[in-house]
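A.B. asks: One structure follows; several queries about it will come next.
Values in this text are rule-based calculations from the coordinates and carry no lab data. Because the structure is predicted, anything quoted here is derived from the model rather than measured. FYI the Cβ positions are ideal-geometry reconstructions off the backbone, even for glycines, and counts take in every protein chain you see.
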């Protein structure tokens, strides 16, 4: 009887260990996918590549921008086309990835130099940001962003 209990205990212990390893790998894989999208978005923003940004951002994408306005996807894309959202330099550092099932939070810092028709043209600004991703139909999309100028 003790052998049966021991076998059941070992089975449950192994199952728990396997589940933790599987979850860790899933989380690591999700973070790798998100890092790729984060880098792709940063490159697209620097190059004013609205075609790529349209694919990365969800249809109901919202931004709380550094100028204290909430913008939708079309307003942000229009800002890029009008050269209000334009950068001569854009450096992003991710500091935290929070993975919660089908939602991921990315927090970090961006050091940017605005160009174009922005009132901060030529200034180097440090921005704290949070991007929110959601898995939609099997693909990760950015659904929300919050950005604050900190210097």
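A.B. asks: Is the shape of the stretch 49-95 rounded, prolate or oblate, going by the alpha carbon gyration tensor and its root eigenvalues a ≥ b ≥ c, with a/c under 1.5 for rounded and a/b larger than b/c for prolate? Write out the running numbers ahead of the final one.
C.D. replies: Values: a/c = 1.18, a/b = 1.17, b/c = 1.01.
Since a/c stays below 1.5, the shape of the stretch 49-95 is classed as rounded.
A.B. asks: Compute the Cα gyration tensor for the stretch 66-139, then decide on rounded, prolate or oblate, letting a ≥ b ≥ c be the square roots of its eigenvalues: rounded whenever a/c is under 1.5, prolate when a/b is larger than b/c in the other cases, and oblate in all that remain. Please report the intermediate quantities before stating the final value.
C.D. replies: Values: a/c = 2.69, a/b = 1.56, b/c = 1.72.
Since a/c reaches 1.5 but b/c is at least a/b, the shape of the stretch 66-139 is classed as oblate.
A.B. asks: Normalised by the number of residues in the stretch 15-151, what is the relative contact order in percent for Cα pairs under 8 Å and 6+ residues apart? Don't jump to the answer; show the numbers that get you there.
C.D. replies: On the way: 240 pairs, mean separation 29.3, N = 137.
Computed value for the stretch 15-151: 21 percent relative contact order.
A.B. asks: Can you classify the stretch 27-111 as rounded, prolate or oblate using the Cα gyration tensor, where a ≥ b ≥ c are the square roots of its eigenvalues, rounded means a/c under 1.5, and otherwise it's prolate if a/b beats b/c and oblate if not?
C.D. replies: On the way: a/c = 1.73, a/b = 1.53, b/c = 1.13.
Note, shape of the stretch 27-111 comes out prolate.
A.B. asks: Provide the packing ranking of 81-89, 109-117, i.e. peptides ordered by the mean count of other C-beta atoms within 10 Å per residue, highest first.
C.D. replies: Details: 81-89: 15.0, 109-117: 16.7.
Ranking, from highest mean packing down: 109-117, 81-89.
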